[in-house]
2 protein chains.
Amino acid sequence: MVSAVIIDGTASNGIGKALANEMKLQLINIEAKDLPDGESYVRIPKAISNKIAVIVQSLYPPQNKHIVELLLIIDAVKSLNPNKIVLIIPYLAYARQNKRFMTGEPASIQLLLRLFKCAGAHALITIDPHKPKSLTMFKGKVLAIEPIRLFSDALSAYKGKAVILAPDVGALSKAKALASLMENKFTFLEKDRDKKTGMISLKAGQNFNFEKLPVIIIDDVISTGSTVIQATRFAKSHDASKVIVVASHLIMAGDCYKRMKTAGISKIIGTNTIPNSKALVQDVSKLIAENLKTILDSL
Amino acid sequence: MVSAVIIDGTASNGIGKALANEMKLQLINIEAKDLPDGESYVRIPKAISNKIAVIVQSLYPPQNKHIVELLLIIDAVKSLNPNKIVLIIPYLAYARQNKRFMTGEPASIQLLLRLFKCAGAHALITIDPHKPKSLTMFKGKVLAIEPIRLFSDALSAYKGKAVILAPDVGALSKAKALASLMENKFTFLEKDRDKKTGMISLKAGQNFNFEKLPVIIIDDVISTGSTVIQATRFAKSHDASKVIVVASHLIMAGDCYKRMKTAGISKIIGTNTIPNSKALVQDVSKLIAENLKTILDSL
């Protein structure tokens, strides 16, 4: 097998280093700086000729900066004649703009995947990319990792003793998977828009009463927090004993954390795809390592 | 001829509108917002099917944001089935990283040009892109505009009465062109590094004394101002009566303006490729219009 090296990008949140440790691979820290005029400078300071270059770069805020830096890193890596280039993008920005919802919009994530390929990437691993199907646009090997197992481990105290709640229909499969691992019940909320007033209310598809059980709300991303806060209010008003929120990616922009706390969410669990000091953060490095082995074997 | 529409990007500094007025073309203002999580949203709200779409987007700071937004705009435009896509990028970021100066660096501008093509652009017009030769990497029609005529017009009072100074050898051709238009003398400075101390000093290639004439320093970009400030000190200490600085692109990061003033620069002249409230700014729209006509005729 061709040997691989891990190249730690400008936004890896420690995952590059953990991955290199886990897989006993060489770690290359890139040289990076912000130039005085606002441009980004990157450089790969080591030879990687004929090796598989595994670039670790998460696309958390500032997303646009981290995207351009990833493209620059790919270009720099490519110039060093690696055997192949594998991207590990723990948080894939723009994944929610997976199609043109209105005429005249970009299909942002499809564009990004095309650009990564165009810059020189051959394979891609990411964590919970909103709609895994949209990754098929990437012309190369691609793997989307569900970190549900990490949440199940972190929530072991609630095994068989809580209800898993999807805050909308989009999160239903996630709730189902977590419930199955934890041997818990699950349910979901549907958004109901009043045609006269335009007000949005929530209704549960089943189990309208949480019977004084803890409720675990699961989603892919917490961005402003609005979705999980709405769901928390629903749970609290339907006899939840407490509310825990789990999500793969914790953006938690602005005053999101404060608003979540005020809404009475007792615990927030996520992963280290995005830096976050306020939640219980699970390390995705081992999950990535398992999947990276599969990709490396297939190249 | 196929009709064209001007699409005003998220960073056109008014050039899109001026260009549409000048050429009597339809102007489309894009819908754009920064989403709460930090991603950029853009949308083209009008039909452009079968027309030549001319996107105006300058890549001034924050460069990385404006680059990603340009790529998103190209993708959105492409989905509306235009006849062709022409990019007008008044200030082309990363133009100074036109090659790999050290092993392991990206060739940033070559990458960007590849990405614009990959996203869907067919032609490109830009202003004074540091090394026009690097634009040949763009697989499509490409035009680089020299705005020297605008500077010569703005400096008409100094015709035949000043010395044009290139602050380094790289700016020599620019100084020569301006001197020729203005019927002035010109000279240039060379950087001289002391092998023992590492100190950089400047020396003029010819005309070591400015004979109490005004000195007009010309460069392509003013970024931190260091280059023109050094040249100003040289000019002042070699009998310049006053120093005027002209440059196509005025980034002027941080305390650049204050430092330029302190160094005794009496006037700064640039263009509107980058927003700047402190300098005398010349509008490049007419120059772009002339060149856009050429491009449109050739498509």
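Derivation of every value follows stated rules applied to the coordinates shown; laboratory data play no part. Just so it is clear, the model here is predicted, and its values are computed rather than measured. We place every Cβ from the backbone using ideal geometry, glycine too, and count neighbours over all the protein chains shown.
Take every Cα pair under 8 Å whose residues are at least 6 apart in sequence, average their separation, divide by the length of chain A, and the relative contact order is 14 percent. For segment B:37-55, the residues whose amide N sits under 13 Å from a probe point set 7 Å from the Cα of residue B:79 along the beta carbon direction are B:41-46. Result for chain B in a Gaussian network model with C-alpha springs under 10 Å: among B:275, B:62, B:214, the largest mean-square fluctuation is at B:62. A straight line joining the Cα centroids of segment B:47-87 and segment A:236-299 runs 35 Å. Of the residues B:100, B:149, B:43, the one that moves most in a GNM of chain B with alpha-carbon contacts below 10 Å is B:100.
Plainly put, the tip 7 Å out from Cα toward Cβ on residue B:83 is 5.1 nm from that tip on each other copy, the closest given first. Please check: in the Gaussian network model of chain A (C-alpha springs, under 10 Å), which one of A:224, A:187, A:197 has the largest mean-square fluctuation. Comparing A:224, A:187, A:197 in the GNM, the peak value goes to A:197. The mean sequence separation of alpha-carbon pairs under 8 Å and at least six residues apart, normalised by the residue count of segment B:149-282, gives a relative contact order of 20 percent. Going from the residue with the fewest nearby Cβ atoms within 10 Å to the one with the most, A:274, A:217 rank A:274, A:217.
In whole angstrom, segment B:1-83 maps to an equivalent ellipsoid with semi-axes of 22, 15, 10, each derived as √(5λ) from the alpha carbon gyration tensor and ordered largest first. Summed over qualifying helices (DSSP H, 4 residues or more, each -39500 (n - 2.57)) and divided by its residue number, chain A shows a 222 nm mean residue ellipticity of -9000 deg cm²/dmol.
Kirkwood radius and radius of gyration were both taken over the C-alpha atoms of segment A:57-193, and their ratio Rg/Rh is 1.06. Each of A:262, B:273, B:227 was scored by other Cβ atoms within 10 Å of its Cβ. Arranged with the fewest first, they read A:262, B:227, B:273. Placing a label point 7 Å from Cα along the Cα-to-Cβ direction at residue B:36 gives distances to the equivalent points in the other copies of 3.9 nm, listed shortest first. Across every pair of non-identical alpha carbons in chain A, the mean reciprocal distance, once inverted, gives a Kirkwood radius of 20.3 Å. If you sort the three axes of the alpha carbon gyration tensor as a ≥ b ≥ c, you get a/c of 1.5 or more for the protein assembly as shown and a/b above b/c, which makes it prolate. Take every pair of alpha-carbon atoms less than 8 Å apart whose residues are at least six positions apart; their mean separation over the length of segment A:1-119 yields a relative contact order of 24 percent. Here each label is just a point 7 Å from Cα along the line to Cβ, and for residue A:26 and residue A:173 those points are 3.9 nm apart.
Taking GluC sites (Glu not before Pro) as exposed when their DSSP state is a loop state and no more than 11 other Cβ atoms lie within 10 Å, the longest site-free interval of chain B runs over B:1-182. Residue A:160 label point (Cα plus 7 Å toward Cβ) to equivalent points in the other copies: 10.1 nm, shortest first. Counting every other Cβ atom within 10 Å of each residue's Cβ, B:66, B:130 order from fewest to most as B:130, B:66. Spatially close Lys pairs in segment B:209-287, defined by Cα atoms under 26 Å apart and a spacing of eight or more places or different chains, total 19. With N the number of residues in segment A:149-282, Rg(Cα) / (2.2 N^0.38 Å) evaluates to 0.99. Bridges between two residues of the protein assembly as shown, per DSSP, are antiparallel at a rate of about 15%.
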